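The values are calculated or read from the model by the stated rules, or taken from the named source; none is laboratory data. From a predicted model like this one, the values you see are computed outputs, not experimental measurements. We place every Cβ from the backbone using ideal geometry, glycine too, and count neighbours over all the protein chains shown. Surface accessibility is based on the protein's heavy atoms, side chains included, excluding ligands, DNA and RNA. Shrake-Rupley method; radii C 1.70, N 1.55, O 1.52, S 1.80 Å.
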Amino acid sequence: MNLKTPTTTPTPAPAFASFQGVEVLGQSILSIVNGMELAQARALRILAENGIAPLEAKSWYPMPALLKSFSLVFEKIGPSTVRTIGRKIPENAQFPPDIDTLEKVLRAVDPTYRMNHRGKGHIGGYHFEPVDKRNAKMRCDNPYPCDLDYGLLEAISDRFRPKDSLWVRIEHDPKSCRRRGDTACVYTVSW
């Protein structure tokens, strides 16, 4: 897989207050802990410092607390850890039997995201846009760091890479980046 990432710059602080009333399922938050294999105690401490404790898979937690936790992981540990966390999100996920191609799984990311978030207000999402038979775009306007989305798209592409493709290329469109304060990141996916 070929992956081009933008230059690492400090991530702007998201407007955590704008997500008051939105909650995230604990199972999704466990990906933070799983993504920090060598520093799980640190991950649990960061989550606990932000009110996410005890962490239970079937419980719901405030999105602002999770966003603050991601901001601290990015700041204290770095973007590569955030990307690793993104890779862990689909690692143990069960997909319906009809999700058997890269295009189908890319289309399924947004409904899956919505199943793991609830509440009032705009939470953004993952928007699949087909370009042609072997190219698509994913526009991510969710509040999570773009490194998380890179990892997520990487893991999905690894797991669902078409048998007739040697690789899946994911490129970040430099014209738009949430790290710079834009509303969305756009990724080109080619296979």
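For region 77-132, what is the accessible area per residue in Å² when the probe is 1.4 Å? Mind showing how you got there, number by number?
On the way: 3240 Å² over 56 residues.
On a per-residue basis, region 77-132 sits at 58 Å².
Of all the accessible heavy-atom surface of the chain, with the other protein chains kept in place and a 1.4 Å probe, what percent is carbon and sulfur?
Working: 5220 of 9910 Å².
Percent of accessible area from carbon and sulfur atoms in the chain: 53.
Across the Cα atoms of region 117-177, what radius of gyration and what greatest pairwise Cα-Cα distance (Dmax) are found, in Å?
Taking only Cα atoms of region 117-177, I get Rg and Dmax of 13.3, 42 Å.
Relative to the first principal axis of the alpha-carbon coordinates of the chain, what is the inclination of helix 63-76, with its axis defined by its Cα atoms, in degrees from 0 to 90 and to the nearest 10?
So the helix axis and the longest Cα principal axis differ by about 80 degrees.
Region 68-122: D in µm²/s via Stokes-Einstein (Kirkwood Rh, Cα pairs, 20 °C, 1.002 mPa s)?
Once the numbers are plugged in, D ends up at 160 µm²/s.
By how many degrees, 0 to 90 and rounded to 10, does the Cα axis of helix 26-35 deviate from the longest principal axis of the chain?
Computed tilt is about 80 degrees.
Any idea what the relative contact order of region 106-191 is, in percent, if you count C-alpha pairs under 8 Å spaced at least 6 apart?
28 percent
Angle check, please: helix 79-88 long axis (alpha carbons) against the longest principal axis of the chain (alpha carbons), in degrees 0 to 90, nearest 10.
The angle comes out near 70 degrees.
From the protein chains alone at 1.4 Å, what is the descending order of accessible area for TRP60, TRP191, TRP167, largest first? Show your work: numbers first, answer last.
Values: TRP60 70, TRP191 35, TRP167 100 Å².
Per-residue accessible area, sorted high to low, gives TRP167, TRP60, TRP191.
Using every pair of alpha-carbon atoms in region 14-77, split the distances into 5 Å bins beginning at 0 and state the percent of pairs per bin, rounded to integers.
Reading upward from the zero bin: 4, 19, 32, 27, 14, 4, 0.
Mind ordering 21-32, 110-121 by average Cβ neighbours within 10 Å, highest first?
Packing order, densest peptide first, comes out as 21-32, 110-121.
For the chain, what mean projected area does the convex hull of the alpha carbons give, in nm²?
10.5 nm²
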